[in-house]
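Asker: Starting off with a structure, shown below.
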Amino acid sequence: MRIDRVEVRVLSTRYATEFRNPHQEFPGKHAVLVFVSTEGGVVGVGESWCDGGDPGSVVTIIESDLAPRIIGASVSEPERIWRSMMATGVMSLKGSALYAAASGVDIAIWDAWARTLRQPLHRLLGGHSTAVPVYGSSGLYAEGYTPESLASDMAAAMDRGCCGAKIKVAGATLEEDVERAGAVRRALGSGPRLMVDALFKPGVADAIRLGRALAPFDIYFYEAPTELRDLSGWRTIRRDTGIALSGPEVEAGLDRYREFLSKEVVDYLQADAIICGGVTELRRIAALGWAFRKPVTYHASGSAVALAANAQVAAAFAGADSIEMHLLHQALFERLWDAGWRIENGALVLPEIPGIGVDITPDSPIFGASVPGD
């Protein structure tokens with residue numbers, strides 16, 4: 001079970017339509033995939049977050065700083081390996097980039113260990129359930145993308161079996177966002193969940209105005225309502241809108257999640273295995289949410305590897321509220337459905353196959369060229 005090779009590949013997807021969120025356009029998306037191979041021939045796969053810049057920075061950390069530390073280690077020791085990887089950040093300023101890099105390696109190690117034991121990862125971790133409530137996520141902006149088109153796309157997610165939908169807000173005028181949210185609520189009807197994501201864009205006053213304007217549409221949670229570091233602002237928004245808040249989504253490390261909980265600024269704790277420190281750290285965050293009596297909602301807007309890794313942890317522990325399935329960022333998703341993943345009665349159902357449930361190897365022909373997206 002000893003690791004004898006670590007390889008990194010970047011999968012690039014280009015989109016025909018240039019959608020955007022409140023901060024940036026999406027002409028395409030990169031996925032940094034990490035492969036850990038054992039002497040016995042088992043290959044595990046993980047993913048590292050790389051949005052907001054060139055993926056090369058994360059790749060360099062993995063190849064130069066982390067890989068040499070884990071060659072020769074056993075995949076049955078993910079906790080010890082995780083601590084060794086994170087020790088490289090004690091005297092550096094790599095910060096969140098190190099967490100993202102370590103996340104991909106850590107997920108790949110857990111995948112390889114579960115495959116070695118011929119166990120689905122959610123069973124190895126705890127086995128609470130085999131299904132997690134799933135919502136369709138996108139609701140981006142684009143030239144000519146009308147509220148009616150948005151509503152139709154969100155309704156299509158419901159037709160696929162999702163329990164609700166999430167759209168972006170704070171990327172247009174208040175009036176436009178109200179029109180978009182209203183169209184989606186009418187398309188979904190009164191039962192399904194409707195979430196909104198401001199992506200940390202508005203100031204506190206604007207976030208309150210936006211929340212109050214959207215409140216009539218029965219918002220299940222208001223994600224990332226203001227600047228990530230302004231926790232007093234989050235508390236004010238939560239108090240003055242009366243809407244449940246979700247976050248912090250892109251934070252890394254257990255301490256920041258503890259801070260969001262101890263300062264009572266979120267109703268739904270939100271984390272992502274490919275950002276926060278991998279499966280090893282995400283299971284701690286899940287336990288922390290349980291200790292504070294806050295349900296955990298799992299962010300996932302990477303490839304199928306990201307969705308699978310988060311779903312495995314979500315299914316392993318009690319307290320999972322939901323998992324995000326992005327409707328635009330769907331690289332490798334066909335491998336999920338081919339492997340037996342399915343959406344049924346509002347939930348993502350995990351197949352009983354070893355590891356995280358995605359089969360892909362570093363020698364796949366998909367690497368090296370952009371692949372078309374939707």
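The values are calculated or read from the model by the stated rules, or taken from the named source; none is laboratory data. None of the values given here were measured: they were computed from a predicted structure. Cβ coordinates were reconstructed from backbone atoms using ideal geometry, including for glycine residues, and neighbour counts include every protein chain displayed. Surface areas here come from the heavy atoms of the whole protein model, side chains and all, with no ligands, DNA or RNA. Shrake-Rupley method; radii C 1.70, N 1.55, O 1.52, S 1.80 Å.
Asker: Only Cα pairs under 8 Å and at least 6 apart count here; give the relative contact order of the range 133-277 as a rounded whole percent.
Answerer: Worked out over the range 133-277, it gives 18 percent.
Asker: Turning to a different aspect of this structure: Expressed in nm to one decimal, what extension gain is obtained for the pair Leu174 and Leu93 from 0.36 nm per residue of sequence separation less their Cα-Cα distance?
Answerer: Full extension of this stretch gives 25.3 nm more.
Asker: Of the heavy-atom accessible surface of the range 51-171 (probe 1.4 angstrom), what whole percent is carbon and sulfur?
Answerer: Numbers: 2420 of 4790 Å².
Roughly 51 percent of what the probe reaches on the range 51-171 is carbon or sulfur.
Asker: Under 14 Å from the 7 Å Cα→Cβ point of Ser190, by amide nitrogen: which residues of the range 209-230?
Answerer: 217-218
Asker: With equal scatterers on the alpha carbons only and no solvent term, can you work out the Debye log10 of I(q)/I(0) for the range 228-374 at 0.11, 0.13, 0.16 1/Å?
Answerer: Scattering profile of the range 228-374, log10 relative to I(0): -0.46, -0.63, -0.88.
Asker: Using a probe radius of 1.4 Å on heavy atoms only, what accessible surface per residue do you get for the range 99-257? Whole Å² is fine.
Answerer: Computed with neighbouring chains in place, this is 36 Å² per residue.
Asker: Oh, and also: State the answer as a single residue: which of Tyr268, Gly247, Ile237 lies farthest towards the positive end of the charge dipole of the range 235-275, with beta carbon charges of +1 for Lys and Arg and -1 for Asp and Glu, about the Cα centre.
Answerer: So the residue we want is Ile237.
Asker: Under unit Cβ charges (Lys, Arg +1; Asp, Glu -1), what dipole magnitude, rounded to 20 debye, does the range 217-374 have relative to its Cα centre?
Answerer: 580 debye
Asker: Using the crude model of +1 on Lys and Arg Cβ and -1 on Asp and Glu Cβ, and no other charge, please compute the dipole size for the chain relative to its Cα centre, in debye to 20.
Answerer: Values: 36 positive and 46 negative charges, 186 e Å.
My answer is approximately 900 debye.
Asker: At a Förster radius of 22 Å, what calculated FRET efficiency corresponds to the Cβ-Cβ distance of Phe367 and Ala156, to the nearest 0.05?
Answerer: 0.15
Asker: Let me ask something else. By its C-alpha gyration tensor, with a ≥ b ≥ c as the square roots of the eigenvalues, how is the range 14-172 shaped: rounded for a/c under 1.5, else prolate for a/b larger than b/c, else oblate?
Answerer: Note, shape of the range 14-172 comes out oblate.
Asker: What percent does the relative contact order of the range 49-135 come to when contacts are Cα pairs within less than 8 Å and at least six residues apart?
Answerer: Across the range 49-135, relative contact order equals 30 percent.
Asker: For Thr17 and Arg83, what does the FRET efficiency come to when R0 = 30 Å and r is the distance between their Cβ atoms, rounded to the nearest 0.05?
Answerer: Values: r = 43 Å, r/R0 = 1.45.
After rounding, the FRET efficiency stands at 0.10.
Asker: Using only the alpha-carbon atoms, what does the range 135-193 span along each of its principal axes? Please give whole angstrom values in decreasing order.
Answerer: Sorted largest first, the three principal extents are 30, 20, 16 Å.
Asker: Of the labelled options (1) 122; (2) 173; (3) 153, which one gives volume of the Cα convex hull per residue in Å³ as computed for this structure?
Answerer: (1)
Asker: Same structure again: If N is the number of residues in the range 60-134, what value comes out of its Cα radius of gyration divided by 2.2 N^0.38 Å? List each step's numbers first, then the result.
Answerer: On the way: Rg = 14.1 Å, N = 75, 2.2 N^0.38 = 11.3 Å.
The range 60-134 yields a ratio of 1.24.
Asker: Something else about it: Taking every pair of distinct Cα atoms and averaging 1/r, then inverting, what Kirkwood hydrodynamic radius in Å comes out for the range 16-58?
Answerer: It is 12.7 Å.
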